[in-house]
Structures are given as structure tokens and as C-alpha cells.
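One structure below.
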Amino acid sequence: MNASQTIADVSVVGLGRVGLPLALSFADRGLNVVGIDNDPARLRSVREGRMPFVETGAQELLERVCRDERLSLSERVPDAARARHIVITLGTPSFSHIEIDIREIRSALDDLLGVLVAGQSLILRSTVAPGTTDFVAGYLAKHRRFRPGEDVFVAHAPERIAAGRFLEEIDTLPCIIGGVGERSGEAVAELFSAFAAPIVQTSPVQAELAKIWTNILRYTHFALPNLLMMDCERYSANVFEVIDLINRDYPRGGIAQPGLTAGTCLRKDFAFSEERSAAPGMLLAVSRVNESVPLFLLEGIKRRLGALADRKVAVLGLAFKADTDDERDSLAHKLIRMLERELADVAVHDPRVSTPTVPLEEALDGAAAVVVATNHSEFRDPRTLEAIAQRAGRECLVVDPWNCWGAAQVFAYSSEIAALLARR
Ligand SMILES: NC(=O)c1ccc[n+]([C@@H]2O[C@H](COP(=O)([O-])OP(=O)(O)OC[C@H]3O[C@@H](n4cnc5c(N)ncnc54)[C@H](O)[C@@H]3O)[C@@H](O)[C@H]2O)c1
């Protein structure tokens, strides 16, 4: 068999937050798609036309794709070889050794080795450490004697879309393609021309660097105001006022706002550079700053309220960022673990995640402190602040590193916030 005898246009291996919207979008553009995932619950959900997670517009898209019957599903990775193009969207976590964990990718490669045919392309959409795409090409050459770039095509086409914006950004964000050898880039560009986004061709390692440094830039961008927030507490200064002084009418860039900076990508992608960095430790320090925000908040609460044993603390938000249901690698969980180690009675409310939480009023009732861990739109609504005053009381300590209501206080009592906002 050769690639002209394949029966589908594209396979997507790993129907997670990256793979599923991509598979659906290819199908929606008229391509015949094979979706592969080894999680039977995930496949059942897709088969039944139910999105397993929230992505704006994806439920309607899934229903449309199910009606048009352009997506077939399988649990078996070798079935991906039914298509001319195979896109890998598997997880790439990092080991605690500060090193990429490519076991899922290697396992998929091993499953595909025996079934790949000339003319097919293998595309890494997962985020990977520099050199991984060349490793994949080398693996195919070593074990199957393929000549990547000539008889099979290998490329890195990184995903840089933000959660919740997939359907918009798949057609607008430049699509970076780093192809191995002479012809891989061109073959893979043909697949991604299904979307309206401009295609930018480069080398595999430049594509890999561009993706991880997109995230390193964001991770560092937020570490700076987080460090400043901690410094301001030490100097009894107001971080929001200092940020305003830095940014106001200043034409050369600006500093971001503080918050709990995490998520499955930012927390690990820096390690893909750090594993062989020319300046080892720099990005690790960025990570340590962001990772210490929960401890900073906990210590700030204890400084104001004393010991937390048997005192109720309400945590608003479990998701790693605003308006998503994704809790993976969220610092809210870390904060809760730390509060529990202080023997506090922790009550959690998040209206968006799948983990069961208590209703807002129940979380707030009698709380000595309320921490806004995620700046969901529901929490930014002034009615949440009113609910805090009513249910937790005017002497409740409100911890809001996001400045949800414009009071510009990381730590303030509910009565102080009301007075500050009344003066504005
Ligand atoms: N989530 C994001 O917003 C985002 C953004 C950009 C890049 N990325 C990168 O994209 C990649 C995928 O991320 P994700 O968030 O979609 O991960 P995910 O965990 O949501 O999805 C991975 C999927 O692969 C499946 N899977 C695991 N092993 C398998 C196997 N052997 N065979 C078949 N299926 C298997 C899992 O069941 C899961 O559904 C990662 O490299 C990540 O760093 C993610």
C-alpha cells in the first residue's frame, strides 16, 4: 500500500483539548478524519455527541460533524495509518528531572512503525523540546529505513491557540510549520491549508523554539508582577499603585497584573528549554516565583488572621485561569493543599469545573477569609463582593491578587473594600 491508497485524509492521535477541536475542525472543512484516543470514556462521549470538556463553539461543531459522518473513531493508534496525514496531539509532560517526557510520543511511534507507508506524513502538534522532531525523523529512518523529507514527511506544527478561542484562532493565528528535509514542509502545508490562517515555513528546531518561547515569554511576563506583589508586601507598598506608576503614559512596554499563574502548558514548557539551557536556573527561578504565589497568599492571611486551625477559608475558583473548566496544574489546588496543612476548614466554589464544589453562599457562610483563586467572570461581578459582605461578614479578609472589583488591594477586609469602592 502507499499513501494514495489511504482511505482518510487525516488522523489525529490524542483527542484532548488540542486534538479534539482540531479533528472536528478538519472534519468541518470537509476532510475525512480518523480520531484516535485510548480513553474509552472520551471516545464514548464524542460518539454520543457530547464534548468531554468546554471549548467555545465546539459542542455545536461536534453535533454538525456527527451529522455529516466525517469523523471515525478508534482506540488503536495503528488505525491512524488509514490516513495520509497523521497528526500527533498527545501529552508531553515534563519529568521532575526538568526534562521532557516523550513516552506517549514514543509509544505512538512504536505503534505506527510497522504500518506507515511511503507518502504519509507524521506531524507533531504536541509541544516538544528542541530536537524532538529530528528525533522522530531519525527514529523512522533508523527502524524503517525511510528517508524523511523524501519518502515520508515529518514536521512540527505547534499549537499556540488559547483555550476557549480555538475556533477563531485556528483561522487567524499564523500556522508555523517546521518540516524535515526538502519536501515535508510543503506536504504538511497542504493539510493545514484547510484553514484560512497564514502558513509560515521554517526549520523543525525553529518551530520548536518558537512554540516553547511563546509560552516562556508569557510565564516570565506574569512572574514579574508576581514577584513585585511579594516585594510590595515586604515594603508595605501597594502593588497595584506601583504597577500604575510603571505603566501610566509610559511608551516603552508595560508590566502585567499579578495572579496565580499556572496551567498545564506554562508550568512545564519552560522545562523544555531549561533541560539544556545555556543559563541554567533562570527559567527555573521564573517558575519558582509563580509557584510561590499560593504560599505568599497563605502567609499573608496568617499575618493578618493568625493561626488558621479550625477557621473557615473560602476559595473561589479551581480552574487554572479565568472562564475555563480546565483544572490541570492549577495553583488553586496547591493553595487548598497548603491551607489544609494549616488545619483550616476549606470550602471551595467554582461554577465551571467538573470537580464537585459547594454553592457560593455555602462556601462563604461564616468564612474568616475568602481567596479569589481564579478570576472567573462570575467572581468579577460586583454581586459576588456583595455576597461576601453578606455571608462572610464585614470583618472577613478578602484576598484578591487579581483586583477583581477595582479595589486595588491584595489583602483587605470586606468593610475596607466597601469603603474604598464607595469613594470611587
Ligand atoms: N491544552 C492546551 O491548551 C495546549 C495548548 C498548546 C499546546 N498543547 C500541547 O498539546 C499537547 C496535548 O495537550 P492536551 O492538553 O490536548 O492534552 P490532553 O491530555 O488533553 O490530551 C491527550 C489525549 O491523548 C490521549 N492519549 C494518551 N495516551 C494515548 C495513547 N497512547 N493513544 C491514544 N491516545 C492517548 C488521552 O486520553 C487524551 O485524551 C501537549 O504537548 C501540550 O503541551 C496544549
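The values are calculated or read from the model by the stated rules, or taken from the named source; none is laboratory data. Please read these numbers as outputs of a predicted model, since none were measured by experiment. Virtual Cβ from ideal backbone geometry, glycine too; neighbours counted across all protein chains shown. With ligands, DNA and RNA removed, areas are computed over all heavy atoms of the protein, side chains included. Shrake-Rupley method; radii C 1.70, N 1.55, O 1.52, S 1.80 Å.
From the list GLU378, GLU340, which one is of a type outside the set (A, V, I, L, M, F, W, C), over 26 Å from LEU420 (Cβ atoms) and open to solvent by 30 Å² or more (accessible area, probe 1.4 Å)? None of the others qualify; the one that does is GLU340.
Scanning the stretch 24-35 finds one or more residues that are within 17 Å of VAL188 (Cβ to Cβ), polar (S, T, N, Q), modelled with pLDDT of 95 or more and not in a loop (DSSP other than H, G, I, E, B). So, GLU159, is that one within 13 Å of the ligand (Cβ to nearest atom) and open to solvent by 10 Å² or more (accessible area, probe 1.4 Å) or not? Answer is yes for this residue. Regarding the stretch 204-223, can at least one residue be identified that is among the aromatic types (Phe, Trp, Tyr) and farther than 30 Å from GLU169 by Cβ? There is no residue in the stretch 204-223 that is among the aromatic types (Phe, Trp, Tyr) and farther than 30 Å from GLU169 by Cβ. Only residues that are at pLDDT 95 or above and either under 19 Å from ARG76 (Cβ atoms) or surrounded by fewer than 17 Cβ atoms within 10 Å (Cβ to Cβ) (or both) were counted in the stretch 1-23, giving 12.
Would the stretch 44-51 turn up any residue that is more than 22 Å from HIS85 (Cα to Cα) and within 19 Å of the chain's Cα centre (by Cα)? Yes: one or more hits.
Restricting the first member to the stretch 274-292 and to residues that are at negative phi, and the second to residues that are assigned to a helix (DSSP H, G or I) and open to solvent by 50 Å² or more (accessible area, probe 1.4 Å), the beta-carbon pairs closer than 6 Å and six or more apart or on different chains are GLU274/LEU284; VAL289/LEU227. Residues in the stretch 31-69 that are of a type outside the set (S, T, N, Q), in contact (Cβ under 8 Å) with a residue 24 or more places away in the chain and in contact with a Lys or Arg (Cβ under 9 Å, 6 or more places away or on another chain): LEU31, VAL33, VAL34, ILE36, PRO52, PHE53, VAL54, GLU55, LEU62.
Of all residues in the stretch 393-423, those being in a loop (DSSP other than H, G, I, E, B) and of a type in the set (Lys, Arg) number 1.
Cβ-Cβ distances below 7 Å connect the following pairs, each with a first residue in the stretch 74-87 that is in contact (Cβ under 8 Å) with a residue 60 or more places away in the chain, a second residue that is near the ligand (Cβ under 9 Å from one of its atoms) and open to solvent by 40 Å² or more (accessible area, probe 1.4 Å), and a separation of six or more residues or different chains: VAL77/ASP111.
Reported count of residues in the stretch 29-75, each being crowded, with 19+ Cβ neighbours inside 10 Å and of a type in the set (D, E, K, R), is 4. Across the stretch 96-133, which residue is surrounded by the fewest Cβ atoms within 10 Å (Cβ to Cβ) among those that are in a strand (DSSP E or B) and within 14 Å of the ligand (Cβ to nearest atom)? Here the answer is ILE100.
Kindly indicate whether LEU260 is away from the ligand (no atom under 16 Å from the Cβ), touching a residue at least 12 places away in the same chain (Cβ under 8 Å) and surrounded by 23 or more Cβ atoms within 10 Å (Cβ to Cβ). The answer is yes for LEU260.
Residue-wise test of (1) over 16 Å from TRP405 (Cβ atoms); (2) modelled with pLDDT under 95; (3) touching a Leu at 6+ places or on another chain (Cβ under 9 Å).
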site: ARG304; (1), (2), (3): yes, no, yes
site: PHE320; (1), (2), (3): yes, no, yes
site: ARG328; (1), (2), (3): yes, no, no
site: LYS334; (1), (2), (3): yes, no, yes
site: VAL358; (1), (2), (3): yes, no, no
site: VAL372; (1), (2), (3): no, no, yes
site: THR384; (1), (2), (3): no, no, yes
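On inspection, ALA322 passes the criterion of being part of a loop (DSSP other than H, G, I, E, B), among the small types (Gly, Ala, Ser), touching a residue at least 40 places away in the same chain (Cβ under 8 Å) and in contact with a His (Cβ under 9 Å, 6 or more places away or on another chain). Scoring ALA237 on the criteria (1) within 16 Å of the ligand (Cβ to nearest atom); (2) closer than 30 Å to LEU297 by Cα leaves a single failure, condition (1). Name the one entry in VAL205, VAL136, VAL200, VAL154 that is more than 21 Å from the chain's Cα centre (by Cα), away from the ligand (no atom under 14 Å from the Cβ), farther than 30 Å from ALA256 by Cβ and of a type in the set (Val, Ile, Thr). Among VAL205, VAL136, VAL200, VAL154, only VAL154 is more than 21 Å from the chain's Cα centre (by Cα), away from the ligand (no atom under 14 Å from the Cβ), farther than 30 Å from ALA256 by Cβ and of a type in the set (Val, Ile, Thr). ASP101 meets each of the listed conditions (1) in contact (Cβ under 8 Å) with a residue 24 or more places away in the chain; (2) touching a Phe, Trp or Tyr at 6+ places or on another chain (Cβ under 7 Å) apart from (1). Out of curiosity, is SER193 loosely packed, with under 15 Cβ neighbours inside 10 Å, closer than 22 Å to ILE86 by Cβ and small (Gly, Ala, Ser)? So SER193 fits the description; yes. Residues in the stretch 52-95 that are near the ligand (Cβ under 10 Å from one of its atoms), part of a strand (DSSP E or B) and either modelled with pLDDT under 95 or under 26 Å from GLU274 (Cα atoms) (or both): ILE88, SER94.
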